[in-house]
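One structure is given here, and the rest of the page talks about it.
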Amino acid sequence: MNMGNIVKNGIVKENPVFIQFLGMCPVLAVTGTATNGLGMGLATTAVLLGSNTVIALMKSFIPSKIRIPSFIVVIATFVTMIGMVMNAYIPDLYNALGIFIPLIVVNCLILGRAETFASKNSTTASVVDGLSMGLGFTLALVVLGGVRELFGSGSIFGVELLGEAYPAMGIMVQPPGAFLALGLLTALFNVVILKRIK
Amino acid sequence: MLDLSVSSLFAILVSAILVNNFVLSRFLGICPFLGVSKQVETAFGMGMAVTFVMSLASVITYIVQTQILERFDLQYMQTIMFILVIASLVQLVEMVIQKTSPALYQSLGVFLPLITTNCAVLGLTILNIQENYNIVETIVHAIGAAVGFSLAIVLFAAIREKLEIANVPQPFKGFPIALLTAGLMSLAFLGFSGLV
Amino acid sequence: MREIIKLGFILLAITSVAGLILGGVNSMTADIIEERALEESMEAIEAFFPESDGAGFVDDADVLDYDLVDEVYEVRQGDNVIGYTIKTVPNGYDGPIEILTGITIDGEITGVEILSQTETPGLGDRITTDDFKEQFIGQSSDSEVDVDVLSGATVSSNAVVNGVNAAINVFEEELRN
């Protein structure tokens, strides 16, 4: 498989969030700020990269009957490891993401890639796939987090942009704003990007 | 020492159903919420299946946490243990229902495999531990979470059935309009904050 | 049957390897996590009591049994105890909030610090602003604290107030003499 295609698939054509609608829980839950979105995106990318690599390496040793539980154990191990490292070195982000760090385990994107890609393709391809799907996911989270933070608090990555005079739309950083912003962004993605690809 | 005051249990219940609704406020279980909500009937089936697994999983993970993980200082194995408990529980429930009640299996069977990766179940079991609930509070919290999940998904399905026949602008067809609808529901549920 | 046992063993082997790896990572990171938490507390204590020259844990089960109370530090200057810093963990709008409250031996609040919180960005997370935290300074531990709640963040503000009141309560009942 062509590496360029894998990258393009992960980031645009099969974007995990805007096209496949995978892993919606963290997408909606942690995107109150661009920083949290970036942190969650990178944590998920790290887990995806790790699990894709290990599963591609182990695929011939795992009997197909217990393949799903084995994948889950591998994924859960990486999630716990990333959680510990984050807690030790970036505790603020670790606390901000809270329960959604252990919940990376049940992000359907990761198990989905293990089942449909890593268990069928070479290790190199799986590494590239993990990275590009992860980056596509991260990109979507940062865009959504940025939009919500900009309208909801008047800043991006914590940097004040719109000034005191801007009446912050608090609703954008609250739960309803997550649904509304993602709905509008997906519609925009449908109009602009998909038209250009076709 | 069990704190069994009825008012605190009631607060946990109402909070889990309305104020901190698992789907609309905590964003747990979004995948089935968006995926299995095109018809009220299937949404109801999913709600029942989740209720069943949530209640069982809460009790078992509570025992695993207090009797195994805390006793042997293995808290860092929490995520792995809990997800394995949930995955095997789902398998077991599936087999038992298939043998004992083919009718129930017909209506719930298709949803069961989806529940393993439903983050509402794993999220619930982790929250139980995080909030330091005792066994009674854990059960009440599980019931509240399950009712809250079912309520949200059934209401949402009822709205989507109506949306099917509405004239939606092309770019909004499908997921975008579903997300906007969910946003409005979430807005309505925001009105419950401060209730408890 | 034999196949089931074999499959079980393979899964057990995978889980054991996972457990070993995690045990290793845990022992590497656990100390760092603990040290960092302690460091944050120490920084806050120094800000609460600039004249202090040491602090230590109060390891008294009666004290730590109080509602919401998580850790208690005794703040010293030379051989004298000049105050206490109490860590309480009330529940906010969206998860637990870790709060440190500094109280002098005479019952005056010298400062409140939020160690960790997951409140709504732009609303509830304003409890970490100086404007909000400084309201507590100078209040007496004789009665519950009185502060202006943040508009749009009533639940988060009240959670902090509950945390500080819990600290005052344990100070008055157990630590003040």
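Listing for the model above:
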{"item": "Among (1) within 29 Å of A:Leu162 (Cα to Cα); (2) out of contact with any strand residue (DSSP E or B) (no Cβ under 7 Å at 6 or more places or on another chain); (3) modelled with pLDDT under 85; (4) open to solvent by 20 Å² or more (accessible area, probe 1.4 Å) - the single one C:Asp59 does not satisfy", "result": "(1)"}
{"item": "Some residue of region B:83-91 being modelled with pLDDT under 90 and either surrounded by fewer than 16 Cβ atoms within 10 Å (Cβ to Cβ) or over 23 Å from C:Gly8 (Cβ atoms) (or both)", "result": "yes"}
{"item": "Whichever residue in region A:51-67 is free of Cβ contacts under 8 Å to residues at least 12 places away in the same chain and not aliphatic (A, V, I, L, M) and, among such residues, is surrounded by the fewest Cβ atoms within 10 Å (Cβ to Cβ)", "result": "A:Ser60"}
{"item": "Tally, over region A:99-134, of residues that are part of a helix (DSSP H, G or I), charged (D, E, K, R) and either closer than 14 Å to A:Asn2 by Cα or away from chain B (no Cβ under 14 Å) (or both)", "result": "1"}
{"item": "Residue within region A:33-52 that is farther than 26 Å from B:Ala120 by Cα and more than 14 Å from chain B (Cβ to nearest Cβ) present", "result": "no"}
{"item": "Considering residues of region B:105-118 that are within 14 Å of chain A (Cβ to nearest Cβ) and part of a helix (DSSP H, G or I) only, the residue most open to solvent (accessible area, probe 1.4 Å)", "result": "B:Leu114"}
{"item": "Flag if B:Ile129 is touching a residue at least 12 places away in the same chain (Cβ under 8 Å), over 30 Å from A:Asn190 (Cα atoms) and in a helix (DSSP H, G or I)", "result": "yes"}
{"item": "Filtered residue count, region C:95-124, keeping only those that are away from chain A (no Cβ under 11 Å), open to solvent by less than 10 Å² (accessible area, probe 1.4 Å) and without any contact (Cβ under 8 Å) to a residue 40 or more places away in the chain", "result": "0"}
{"item": "Residue satisfying all of: in region A:103-136; within 22 Å of B:Met81 (Cβ to Cβ) and in contact with a Ser or Thr (Cβ under 8 Å, 6 or more places away or on another chain); surrounded by the most Cβ atoms within 10 Å (Cβ to Cβ) among these", "result": "A:Ile110"}
{"item": "Answer residue from region C:134-177, given it is touching a residue at least 24 places away in the same chain (Cβ under 8 Å), outside any helix (DSSP H, G or I) and within 14 Å of chain A (Cβ to nearest Cβ) and is least open to solvent (accessible area, probe 1.4 Å) among those", "result": "C:Ala153"}
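Yes/no per residue for (1) in contact (Cβ under 8 Å) with a residue 60 or more places away in the chain; (2) away from chain A (no Cβ under 13 Å); (3) in contact with a helix residue (DSSP H, G or I) (Cβ under 9 Å, 6 or more places away or on another chain); (4) of a type outside the set (A, V, I, L, M, F, W, C):
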{"residue": "B:Ala103", "(1), (2), (3), (4)": "no, yes, no, no"}
{"residue": "B:Ala120", "(1), (2), (3), (4)": "yes, no, yes, no"}
{"residue": "B:Gly123", "(1), (2), (3), (4)": "yes, no, yes, yes"}
{"residue": "B:Val140", "(1), (2), (3), (4)": "yes, yes, yes, no"}
{"residue": "B:Val147", "(1), (2), (3), (4)": "yes, yes, yes, no"}
{"residue": "B:Ala157", "(1), (2), (3), (4)": "yes, yes, yes, no"}
{"residue": "B:Lys173", "(1), (2), (3), (4)": "no, no, yes, yes"}
{"residue": "B:Ala182", "(1), (2), (3), (4)": "yes, no, yes, no"}
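A quick yes/no check of all residues on (1) within 14 Å of chain B (Cβ to nearest Cβ); (2) surrounded by fewer than 23 Cβ atoms within 10 Å (Cβ to Cβ):
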position	(1), (2)
A:Ala140	yes, no
A:Glu149	no, no
A:Gly152	yes, no
A:Gly158	no, yes
A:Leu161	no, yes
A:Met169	yes, yes
A:Pro176	yes, yes
A:Leu184	yes, yes
A:Val191	yes, yes
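Conditions (1) within 24 Å of C:Ile114 (Cβ to Cβ); (2) out of contact with any helix residue (DSSP H, G or I) (no Cβ under 6 Å at 6 or more places or on another chain); (3) within 14 Å of chain A (Cβ to nearest Cβ); (4) open to solvent by less than 70 Å² (accessible area, probe 1.4 Å), marked per residue:
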{"site": "C:Ile14", "(1), (2), (3), (4)": "no, no, yes, yes"}
{"site": "C:Val17", "(1), (2), (3), (4)": "no, yes, yes, no"}
{"site": "C:Leu20", "(1), (2), (3), (4)": "no, yes, yes, no"}
{"site": "C:Met28", "(1), (2), (3), (4)": "no, yes, yes, no"}
{"site": "C:Ile32", "(1), (2), (3), (4)": "yes, no, yes, yes"}
{"site": "C:Ala44", "(1), (2), (3), (4)": "yes, yes, no, yes"}
{"site": "C:Ser52", "(1), (2), (3), (4)": "yes, yes, no, yes"}
{"site": "C:Ile82", "(1), (2), (3), (4)": "yes, yes, no, yes"}
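The values are calculated or read from the model by the stated rules, or taken from the named source; none is laboratory data. Note that the structure is a prediction, hence the values are computed from the model and not measured. In this analysis, Cβ positions are derived from the backbone assuming ideal geometry, glycine residues included, and neighbour counts consider all displayed protein chains. Note: accessible area is taken over every heavy atom of the protein model, side chains too, but ligands, DNA and RNA are not part of it. Shrake-Rupley method; radii C 1.70, N 1.55, O 1.52, S 1.80 Å.
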